[in-house]
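Trainee: My structure is below; once you've seen it, I'll send some questions.
The values are calculated or read from the model by the stated rules, or taken from the named source; none is laboratory data. Model, not experiment: these values are computed from the prediction. Here the Cβ is made from the backbone with ideal geometry for all residues, glycine too, and neighbour counts use every protein chain on show. Keep in mind that these areas ignore ligands, DNA and RNA; they rest on the heavy atoms of the full protein, side chains included. Shrake-Rupley method; radii C 1.70, N 1.55, O 1.52, S 1.80 Å.
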Amino acid sequence: MQHETTNPPMISVRGMSKLFGKFVALDRVDFDVSRGEKIVVLGPSGSGKSTLIRTLNQIEPHDSGMLTIDGKLINDKTDPIQLRCMVGMVFQNYNLFPHLSALENCILAPMRVKRMTRLEATTLARRYLDLVGIPDQADKYPIQLSGGQQQRVAIARALCMQPEVMLFDEPTAALDPEAIVGVVGIMDELSEQGITTVCVTHEMAFSRRIADRIIFMDQGKIVEITPPETFFTSPKTDRAQNFLNQMLRY
Amino acid sequence: MTSFFSRLPLMRRFRRVAALAVMLGAPIGAHGTTHAEQIPSFVHDGTLTVCTNPTLPPMTFVKGQDVSHPEGFDIDVAQALATRWQARLSVITMDFTGLFPSLSAQRCGLVMSGIIRTPAREKSFDAVSYQDTALVVVGRKGTPSLSSMDELSGKDVAVESGTSYVTRLGVVNDALVAAGKPPMIIQQYPTEEQVVQQVLIGRVFAFVSQDVELFYRMRQLRDKLHVLITPDIPDYRHFAIYIRQNAEDRTLLQNAISALDADGSLQTLRTKWSVTDQSTKNGPDEAAASGMFDWSAFFSALTSTAFLHGALITLSVALISHIIAITISVPIAIVLNSPQQSVLKIALEGYVSLFRAAPTLLQLLFIWNAVPQFFPIFREQWFTPFLATILALSINESAYQVEINRAALSAVDPGQELGASALGLSRRDIYWRVIFPQAFRIALPPTINEFINLLKITSLASVISLQELLAVTQIQVARTFAFTEYYAAALIYYLVMVFFFLFLQKRVERRFSWSDRKKVVSNAA
């Protein structure tokens, strides 16, 4: 991937920290993500991966340090709604709205936030439900869908806001192996569309296939940032090596 | 819409105030010409307000369907006084126990409700006698007469609660105990007709009442009752009108009563209401119901405007109070569920605990009788029993509803809020589009439960003179003695109202099919 100096990074993080009480969840983290770049965040559980990507759309506001998205400084004075229109997110547990059908889940935010008409929002939603491969499930309630189908709806719902950045927080962790294949397939497809992506996952093969760079975290710190081929074959740190050993054992 | 609301006492009171405003211009001329008498200070704005408990025929009772218009000897005497003072008469009806607190709270100028003049009451209020009377002990026909009150030793005796008979019987009991005999067992009931009924059904040996009321009951019940003894008790010989202590007012009232006595007005009224007529003939128009269930009495109660009016008040008080309670309770529940500590949160916790702990009846009495002593604005005309009940019940119910809402809001997965805010939805949309619809499903069954409870709790408001369904029933029973038929009619009204809301709950729950996999599948198929 190109790292042109003329093109400002999509995401820029400098010395960012986040505390939960006395627990340091993020400890002075620095990194940049270029426009269109795909980042996979790896690390043992409790290492701060989820906290990191949740600060990027400010559903967990950071305590100190600097965050800019698309050149705009993000702090507690930023309108979170504008930010979230630009940064979409998919959760481990889908977080679909159970009282709304798949289609209604997708059109709610475009209608309420972007003030689209129902017709515009529905057309858009059908396109993305089609993209994630479940055009025929549009009128079903989440409870009627399998886990894999629910996560596809959640991805379509986030894409309906047409964000410039997509955040994935362990999107396949709650799925059975068969469903994982489907969801990973969709993410592969998305990665080809050039959308900037930050993904927390344990899917090693997927990471290796799509990531431009791997961020490896431990105890709230970024331990290394490397291209996947380097990370998976010859990681720079012992901690990364230990992590890989453990992951490959299981 | 209009016709429905015009039935409510609030609206009626407004109309009354409006009519009063029209009249205010008029009396000025009349004032100038007559100006015969000085007017007591308890007559305000040309209105004499009287508090009464209309369950004591022939002194004060409801003859017709409109329970807010009692009739009787007392009411006619009050009317004669009002006429003398060139004032309008306004009558407020309530439970007996509410009469004196209402007088203290300045809700009425005077209390007239067939009340005995006693030294104990005169410590707190001024009294003017207007009718001679005697205390009587009454049993069922066939019970042998008594030669002394001591013979009541160990027997069950019924009296109306809040009356002076209770204290008087206490004195008799003290004497019995001192003489080494078992005391009477005193049962207290809130209305006179219930006292009589205890004797008729044989639960108690005798009841204690006044001769005047007894004569009326005996005519009504033909010859089912029998005077056991008329003890001579010096303190218990007069009915009195009670006012707040004021020597000048007392003199003016005494003069007015003396004048009414001198010109024969009182005697005319005594004859009209058969106050001193001991014969068992010339009974009231409606004889008491016989032992069997009287279907026509039941159906006439069921279709009467009095019952319909009572039921509408019950329903509107419950609905309005609950809507206000829910509106207050949702924001409180949200604040209480938030993790941050704040002064507001501690204050709201105090509010919820206080109103969950305090008995509803006490809250009603407090708002109606105690609050006006500190804030005079609450004894003005606009503050009707209807408004007072809604105020008390909304506050009380909001405290319970907060707990339901808290539970329902906590039951919604926190991931829902996270997911919604990640989509850029505003706080408002997160609550209205995502959290509330899910919390609503969880809160609905307990909320309907609360509503049904509230519908029934409105009956407590009869103590502050709200003419809701049960108060109407009691007043009508006092007139007719048709206990079974009228209770049954009231029951039908309650059942119809409750079943309607249960039906509504089922209908609404059917829309929550999204929460049940099996139902969704079967609906789709």
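Trainee: Can you give the charge dipole size of chain B about its Cα centre, rounded to the nearest 20 debye, using +1 on the beta carbon of Lys and Arg and -1 on the beta carbon of Asp and Glu?
Mentor: Details: 45 positive and 42 negative charges, 362 e Å.
Here the size comes out at about 1740 debye.
Trainee: Just to check, using Stokes-Einstein with a Kirkwood Rh over alpha carbon pairs, what's the diffusion coefficient of the range B:147-193 at 10 °C and 1.306 mPa s in µm²/s? Numbers along the way, then the final one.
Mentor: Details: Rh = 10.9 Å.
In µm²/s, the coefficient rounds to 146.
Trainee: Now for a different question. Counting only helical runs of four or more DSSP H residues, what would the 222 nm mean residue ellipticity of chain A come to if each run contributes -39,500 (n - 2.57) and the total is spread over all its residues? It would help to have the intermediate numbers written out before the result.
Mentor: Values: 9 runs with 94 residues, N = 250.
So the calculated ellipticity at 222 nm is -11000 deg cm²/dmol.
Trainee: For peptide B:412-420, what's the mean number of Cβ atoms from other chains within 10 Å of each residue's Cβ?
Mentor: Details: counts 1, 3, 1, 6, 5, 2, 8, 13, 6.
Taking all residues of B:412-420 together, the mean is 5.
Trainee: How large is the accessible surface per residue of the protein assembly as shown, computed with a 1.4 Å probe and reported in Å² as a whole number?
Mentor: On the way: 34620 Å² over 775 residues.
Counting only protein heavy atoms, the per-residue value for the protein assembly as shown is 45 Å².
Trainee: Given a 1.4 Å probe and the protein chains all in place, what does the accessible area of B:TYR493 round to, in Å² to the nearest 10?
Mentor: Counting only protein heavy atoms, the figure is 40 Å².
Trainee: Percent relative contact order of chain A, based on C-alpha pairs within less than 8 angstrom and at least six residues apart?
Mentor: Values: 445 pairs, mean separation 63.5, N = 250.
Computed over chain A, the figure is 25 percent.
Trainee: Please report the carbon-and-sulfur percent of the accessible area for the range A:1-98; probe 1.4 Å, protein heavy atoms only, DNA, RNA and ligands left out. Intermediate results must be reported in sequence, preceding the final value.
Mentor: Working: 2330 of 4460 Å².
Result for the range A:1-98: 52 percent of the exposed heavy-atom area is carbon or sulfur.
Trainee: Could you give the dipole magnitude of chain A about its Cα centre, charging the beta-carbon of Lys and Arg +1 and that of Asp and Glu -1, in debye to the nearest 20? Provide the component values of the computation, followed by the final result.
Mentor: Working: 27 positive and 29 negative charges, 104 e Å.
Dipole size: approximately 500 debye.
Trainee: Where in chain B are the DSSP H helices whose alpha-carbon span along the long axis reaches 27 Å or more and whose Kyte-Doolittle mean is at least 1.6? Present the calculation step by step, with values, prior to reporting the outcome.
Mentor: Working: long enough: B:305-337 (46 Å, 1.91); B:385-411 (38 Å, 0.69); B:436-457 (29 Å, 0.61); B:483-509 (39 Å, 1.07).
The qualifying helices are B:305-337.
Trainee: Right, something else. State the volume of the convex hull built on the alpha-carbon positions of the range B:135-229, expressed per residue in Å³ and rounded to an integer. Each step should come with its number before you reach the end.
Mentor: On the way: hull volume 7.8 nm³, N = 95.
Each residue corresponds to 82 Å³ of Cα convex hull volume.
Trainee: For chain B, what is the mean residue ellipticity at 222 nm derived from helices alone (per DSSP H run of n ≥ 4: -39500 (n - 2.57); sum divided by total residues; nearest 500 deg cm²/dmol)?
Mentor: Working: 22 runs with 281 residues, N = 525.
Taking each H run of at least 4 residues, the total per residue is -17000 deg cm²/dmol.
Trainee: Now, a different point. Nearest 100 Å² is fine: what is the total accessible surface buried where chains B and A meet, probe 1.4 Å? Walk me through the numbers before you get to the answer.
Mentor: Details: alone 24540 and 12210 Å², together 34620 Å².
It comes to approximately 2100 Å² buried between B and A.
Trainee: Now, a different point. Local charge sum around B:ARG237 (other residues, Cβ-Cβ under 11 Å, Lys/Arg +1, Asp/Glu -1)?
Mentor: Working: positive: B:ARG117; negative: B:ASP132, B:ASP211, B:ASP232, B:ASP235.
So the surrounding residues net to -3.
Trainee: Another question, then. Only Cα pairs under 8 Å and at least 6 apart count here; give the relative contact order of chain B as a rounded whole percent. Before the final figure, lay out the partial values.
Mentor: Numbers: 771 pairs, mean separation 98.2, N = 525.
The value is 19 percent.
Trainee: Sticking with this one: With an 8 Å cut-off on Cα pairs and a minimum separation of 6 or more residues, tell me the relative contact order of the range B:306-510 in percent.
Mentor: Details: 186 pairs, mean separation 68.5, N = 205.
Reported as a whole number, the value is 33 percent.
Trainee: Another question, if that's okay. Quick one: Cα centre-to-centre distance for the range B:352-415 and the range A:103-160, in angstrom?
Mentor: 44
Trainee: Starting from the Cα-Cα distance between A:LYS72 and A:ASN242, subtract it from 0.36 nm times their residue separation and give me the gain in nm to one decimal.
Mentor: Working: separation 170, 0.36 × 170 = 61.20 nm, distance 3.75 nm.
Result for the pair: 57.5 nm of gain on full extension.
Trainee: How about the range A:138-181: which of its residues lose at least 50 Å² of accessible area in the presence of all protein chains relative to their chain isolated, using a 1.4 Å probe?
Mentor: Residues passing the criterion (a loss of at least 50 Å², heavy atoms only) are A:ILE143, A:GLN144.
Trainee: Taking the Cα atoms of the protein assembly as shown, report the difference between the largest and smallest coordinate on each principal axis, in whole Å and largest first.
Mentor: 118, 60, 57
Trainee: Starting with the highest mean, order B:433-439, A:182-188 by the number of other Cβ atoms within 10 Å, averaged over the residues of each peptide.
Mentor: Working: B:433-439: 20.6, A:182-188: 18.9.
Descending mean neighbour count gives B:433-439, A:182-188.
Trainee: For B:ASP95, what charge total do you get from the other residues with a beta carbon under 14 Å from its beta carbon, if Lys and Arg give +1 and Asp and Glu give -1?
Mentor: Numbers: positive: B:ARG107; negative: B:GLU160, B:GLU192, B:GLU193, B:GLU468.
So the environment of B:ASP95 carries a net charge of -3.
Trainee: I've got another one for you. What whole-number distance in Å separates the alpha-carbon centres of the range B:161-189 and the range B:323-345?
Mentor: Cα centroid of the range B:161-189 versus Cα centroid of the range B:323-345: 51 Å apart.
Trainee: Considering the dipole of chain B built from charges on the beta carbon (Lys and Arg +1, Asp and Glu -1) around the Cα centre, which of B:VAL196, B:ILE229, B:PHE501 is farthest to its positive end?
Mentor: So the residue we want is B:PHE501.
Trainee: Sorting B:ARG250, B:ARG379, A:ARG126, A:ARG115 by accessible area (1.4 Å probe), largest first, what list results?
Mentor: Details: B:ARG250 90, B:ARG379 70, A:ARG126 110, A:ARG115 165 Å².
Result of the area sort, largest leading: A:ARG115, A:ARG126, B:ARG250, B:ARG379.
Trainee: Also: Determine the dipole magnitude for the range B:135-229: charges of +1 sit on the beta-carbon of Lys and Arg, -1 on that of Asp and Glu, nothing else is charged, the reference point is the Cα centre, and the result goes in debye to the nearest 20.
Mentor: Numbers: 10 positive and 10 negative charges, 65 e Å.
With only Lys, Arg, Asp and Glu charged at Cβ, the dipole is about 320 debye.
Trainee: Calculate, in nm to one decimal, what B:LEU308 and B:ILE233 gain on full extension: separation in residues at 0.36 nm each, minus their alpha carbon distance.
Mentor: Numbers: separation 75, 0.36 × 75 = 27.00 nm, distance 4.42 nm.
Length gained between B:LEU308 and B:ILE233: 22.6 nm.
Trainee: If you don't mind, another one. List the residues whose amide H sits under 5 Å from the amide H of B:LYS224, counting only those 5 or more places along or on another chain, with H placed 1.01 Å from N in the peptide plane.
Mentor: Hits under the 5 Å cutoff: none.
Trainee: If you don't mind, another one. Summing +1 for each Lys or Arg and -1 for each Asp or Glu, what net charge is found among the other residues whose Cβ lies under 12 Å from the Cβ of B:VAL208?
Mentor: Working: positive: B:LYS155, B:ARG168; negative: B:ASP156, B:GLU160, B:GLU192, B:ASP211, B:GLU213.
Net charge in that neighbourhood comes out at -3.
Trainee: Students often check this: by mean Cβ neighbours within 10 Å, which of B:77-83, B:48-54, B:115-121 ranks highest, and how do the rest follow?
Mentor: Numbers: B:77-83: 20.7, B:48-54: 26.0, B:115-121: 17.7.
So the peptides B:77-83, B:48-54, B:115-121, ranked by packing, come out B:48-54, B:77-83, B:115-121.
Trainee: Turning to a different aspect of this structure: Per residue of B:423-435, how many C-beta atoms from partner chains lie within 10 Å of its own C-beta, taken as a mean? Display every interim value, and only then the final one.
Mentor: Numbers: counts 20, 18, 6, 4, 2, 1, 6, 1, 0, 1, 8, 6, 1.
Neighbouring Cβ atoms belonging to other protein chains average 6 per residue here.
Trainee: Additional query: May I ask which residue of B:ILE320, B:PHE481, B:PHE378 lies farthest towards the positive end of the charge dipole of the range B:306-510, with charges of +1 (Lys, Arg) and -1 (Asp, Glu) on Cβ and the Cα centre as origin?
Mentor: About the Cα centre, the residue reaching furthest to the positive side is B:ILE320.
Trainee: At 20 Å minimum axial length over the Cα atoms and a Kyte-Doolittle cut of 0.0, report the qualifying DSSP H helices in chain A, or say none. Let's see the in-between values first.
Mentor: Working: long enough: A:177-192 (23 Å, 0.74).
Length and hydropathy pass: A:177-192.
Trainee: Continuing with this model, one more query. Take every residue in peptide A:85-96, count the Cβ atoms of other chains within 10 Å of its Cβ, and give the average of those counts. Could you put the intermediate results ahead of the total?
Mentor: Numbers: counts 2, 1, 2, 3, 5, 2, 4, 1, 4, 2, 11, 3.
Per-residue shielding by partner chains comes out at 3.
Trainee: Still on this structure: So which of A:LYS140/B:LYS506; A:LYS49/A:LYS221; A:LYS22/A:LYS221; B:LYS155/B:LYS181 end up more than 18 Å apart by C-alpha? Spell out each step's value before the answer.
Mentor: On the way: A:LYS140/B:LYS506 23 Å; A:LYS49/A:LYS221 9 Å; A:LYS22/A:LYS221 16 Å; B:LYS155/B:LYS181 11 Å.
Long pairs (Cα-Cα over 18 Å): A:LYS140/B:LYS506.
Trainee: Right, here's the next one. At a 1.4 Å probe, what is the % contribution of carbon and sulfur to the accessible area of chain B?
Mentor: Values: 14320 of 23450 Å².
Carbon plus sulfur share of accessible area: 61 percent.
Trainee: For the range B:454-504, evaluate the Debye formula with one uniform point scatterer on each Cα (no solvent term) and list log10 I(q)/I(0) at q = 0.24, 0.29 Å⁻¹, rounded to two decimals.
Mentor: -0.92, -1.09
Trainee: Between B:ASP263 and B:GLU349, what is the label-to-label distance in nm when each label sits 7 Å out along the Cα-to-Cβ direction?
Mentor: 6.8
Trainee: Is the C-alpha gyration tensor of the range B:306-510 telling us rounded, prolate or oblate? Criteria: a/c under 1.5 is rounded; beyond that, a/b larger than b/c is prolate, otherwise oblate.
Mentor: Details: a/c = 3.02, a/b = 1.60, b/c = 1.89.
Cα axes put the range B:306-510 in the oblate bin.
Trainee: Another question, if that's okay. Which of the listed residues, B:THR167, B:LEU348, B:TRP432, is farthest toward the dipole's positive end in chain B, when Lys, Arg count +1 and Asp, Glu count -1 at the beta-carbon?
Mentor: Working it through, the farthest residue towards the positive pole turns out to be B:TRP432.
Trainee: What distance in nm separates the simple spin-label points at B:ARG222 and B:SER515, each placed 7 Å from Cα in the Cβ direction?
Mentor: Distance between the two pseudo-spin positions: 5.9 nm.
Trainee: Calculate the length of the line joining the C-alpha centroid of the range B:97-111 to that of the range B:198-236, in whole Å.
Mentor: 28
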